[in-house]
Structure formats: structure tokens, C-alpha cells
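Asks: Before anything else, here's the structure in question.
The values are calculated or read from the model by the stated rules, or taken from the named source; none is laboratory data. All figures in this text were calculated on a predicted structure; none of them were measured in a lab. Cβ placement follows ideal geometry from the backbone for every residue including glycine, while neighbour counts extend to all protein chains displayed.
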Amino acid sequence: MTYAVKELFATLQGEGARAGRASVFCRFAGCNLWSGREEDRAEAACRFCDTDFMGLDGPGGGRFADAQALAQAVEAAWSGGDRERYVVFTGGEPLLQLDAALVEAVHARGFEAAVETNGTLDPPPGLDWVTVSPKAGAPWRLRAGSELKLIYPQPGLEPDALPHDLHFAHRWLQPMDGPDRAANTQAAVAYCLAHPGWRLSLQTHKLIGIP
């Protein structure tokens with residue numbers, strides 16, 4: 001299988017339970033909830049995406065012929081030596097491309113493998129960390145994982161009306177970015193104060209100015 005990657009770079013994880021951890025981010029091109037074109041946003045299943053996942057032109061991006069080639073690029077991007085190796089597969093929607101062969105290939109190079117997904121597709125076996133961020137109006141298949149990250153607010157996907165068959169170790173509310181971010185942050189803070197089962201997730205990479 002070939003892989004289409006928008007960008008691949010070393011950074012610190014900015015969100016959720018592993019915020020601050022040194023990571024390689026592998027951002028796959030493409031998504032099943034939005035084409036990435038602004039003219040399609042109003043009719044997309046996900047209308048608030050703040051990520052450029054179109055094309056192969058980002059830093060480290062390109063088309064990789066097989067799992068070993070991409071795993072080699074992940075290793076080349078890592079700057080932390082042999083310890084605590086960690087790669088985050090994201091998008092777009094990474095589960096359109098991420099497969100067992102790639103998970104095995106990065107494991108063989110000593111990496112823990114994480115994914116950040118919208119939860120509409122089933123993941124391959126072997127992943128070490130699974131973050132699910134569902135979107136209102138989109139089918140939600142993946143009901144268990146390491147952490148649930150709910151962008152807030154989302155009409156039609158209110159945290160107090162979520163399905164009961166969810167199994168996540170951590171539950172996060174992350175304020176929706178955009179022109180109303182300040183108000184959304186205050187609303188998320190208020191919700192977490194009133195519902196201690198939820199914790200506030202901030203996009204710390206944006207706050208400190210790193211990718």
C-alpha cells in the first residue's frame with residue numbers, strides 16, 4: 001500500500017492526556033468528512049476543521065511506497081534518541097490509510113503508535129493510544145479508546161447526551177477554535193466545573209506557537 005502524507009514533523013503533542021510529550025506527527029492527506037476545499041465547507045459533515053490536510057506539499061510530506069518507507073521517514077524525523085519514541089498518526093482522517101503493516105513497521109523501530117480519529121472507521125490492531133474526536137451528524141463507530149476529545153460546543157453532540165456505550169479512560173472538552181474561541185473556552189470551563197467527569201483540553205501548541 002502507498003501512503004499519501006500531507007506533512008511529517010517533530011513537535012510536542014499539544015492536546016489531551018499526553019500534552020507536552022515529544023512526538024512525530026504524521027498527517028495523512030484526505031478526510032471522509034470534508035474535502036478540504038473551502039467551497040465545500042458549508043455542506044460538509046465537519047464544518048469547523050482548522051487543519052490543512054490537502055495535498056502532499058507540507059514539510060516532510062509526499063507519497064510513500066510502502067510501510068517501511070514511511071516508518072523510515074518517521075524515524076528520521078525523530079530527534080529524541082532511542083527512548084520514549086512516539087508517533088501520532090493524524091489527518092484529515094488517518095484511518096483511511098493507517099493499516100496494520102504501518103503500525104508494525106513503526107513498532108519495529110521502537111515507536112509507540114497513536115492515532116487521532118473522528119471515530120467513523122475501525123482502527124487496525126496494535127495501536128498504543130487511540131484518541132476519538134466525533135463530529136455531530138457523522139456516523140460514530142469507534143466507541144472505546146484511550147481518550148474521547150469532544151470539540152465544544154457542537155449542536156447535536158452535547159456531552160450530557162452522549163451514548164451510554166462509551167469506554168474511554170479520559171474525557172476532554174476542547175473549545176472550538178475560530179472567531180468565537182474565547183466564548184467557547186469560557187463555556188467549556190463552566191461545563192467542566194459543573195461536570196467533573198470532563199476535563200478541559202487546550203491546544204497548547206497554538207498557545208506557544210509551535211506546529
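Asks: So Phe64 fits all but one of (1) surrounded by fewer than 19 Cβ atoms within 10 Å (Cβ to Cβ); (2) farther than 24 Å from Arg199 by Cβ; (3) more than 14 Å from the chain's Cα centre (by Cα); (4) not polar (S, T, N, Q); what number is the exception?
Replies: Answer for Phe64: the failing condition is (1).
Asks: Taking Ala22 and the conditions (1) within 14 Å of the chain's Cα centre (by Cα); (2) under 17 Å from His205 (Cα atoms), which numbered condition does it fall short on, given that it satisfies the others?
Replies: Looking at each condition in turn, Ala22 falls short on (1).
Asks: If you scan region 122-140, which residues turn out to be within 11 Å of the chain's Cα centre (by Cα) and in a loop (DSSP other than H, G, I, E, B)?
Replies: Scanning region 122-140 gives Ser133, Pro134.
Asks: Additional query: So, in region 1-39, of the ones that are free of Cβ contacts under 8 Å to residues at least 40 places away in the same chain and over 20 Å from Pro179 (Cβ atoms), which residue ends up surrounded by the fewest Cβ atoms within 10 Å (Cβ to Cβ)?
Replies: That would be Arg37.
Asks: Need pairs with beta-carbon distance below 6 Å; first residue under 18 Å from Glu15 (Cα atoms) and within region 178-203, second part of a helix (DSSP H, G or I); sequence gap 6+ or separate chains.
Replies: Close Cβ pairs (under 6 Å, with a partner that is part of a helix (DSSP H, G or I)) amount to Trp198/Cys192; Leu200/Ala188; Leu200/Cys192; Ser201/Gly16.
Asks: Can you pull out every residue in region 93-104 that is touching a Leu at 6+ places or on another chain (Cβ under 9 Å) and assigned to a loop (DSSP other than H, G, I, E, B)?
Replies: Within region 93-104, Glu93, Leu98 meet the criteria.
Asks: I've got another one for you. Looking at region 47-64, I want the residues that are within 23 Å of Gln203 (Cα to Cα) and have a partner that is among the aromatic types (Phe, Trp, Tyr) and surrounded by 14 or more Cβ atoms within 10 Å (Cβ to Cβ) with Cβ atoms under 6 Å, at least 6 apart or on another chain. Which pairs are those?
Replies: What qualifies is Cys49/Trp34; Pro59/Phe9; Gly60/Phe9.
Asks: Here's a follow-up. Looking only at region 63-82, which residues are closer than 12 Å to Val106 by Cβ and assigned to a strand (DSSP E or B)?
Replies: Hits for region 63-82: nothing passes.
Asks: Any residue at all in region 67-74 that is surrounded by 13 or more Cβ atoms within 10 Å (Cβ to Cβ), at pLDDT below 95 and of a type outside the set (Ser, Thr, Tyr)?
Replies: The answer is no; no qualifying residue exists.
Asks: While we're on this one: In region 134-150, which residues are surrounded by fewer than 19 Cβ atoms within 10 Å (Cβ to Cβ) and without any contact (Cβ under 8 Å) to a residue 24 or more places away in the chain?
Replies: Once the filter is applied, which keeps residues that are surrounded by fewer than 19 Cβ atoms within 10 Å (Cβ to Cβ) and without any contact (Cβ under 8 Å) to a residue 24 or more places away in the chain, region 134-150 yields Ala136, Pro139, Trp140, Arg141.
Asks: I've got another one for you. So, in region 158-211, exactly how many residues are aromatic (Phe, Trp, Tyr) and either surrounded by fewer than 12 Cβ atoms within 10 Å (Cβ to Cβ) or out of contact with any helix residue (DSSP H, G or I) (no Cβ under 6 Å at 6 or more places or on another chain) (or both)?
Replies: 2
Asks: Out of the residues in region 49-61 that are more than 14 Å from the chain's Cα centre (by Cα) and surrounded by fewer than 20 Cβ atoms within 10 Å (Cβ to Cβ), which is nearest to Trp172 (Cα to Cα)?
Replies: So, considering only residues that are more than 14 Å from the chain's Cα centre (by Cα) and surrounded by fewer than 20 Cβ atoms within 10 Å (Cβ to Cβ), the one nearest to Trp172 (Cα to Cα) is Met54.
Asks: Could you list, in sequence order, the residues of region 75-96 that are under 20 Å from Phe53 (Cα atoms) and either surrounded by fewer than 18 Cβ atoms within 10 Å (Cβ to Cβ) or more than 14 Å from the chain's Cα centre (by Cα) (or both)?
Replies: Ala77, Leu96
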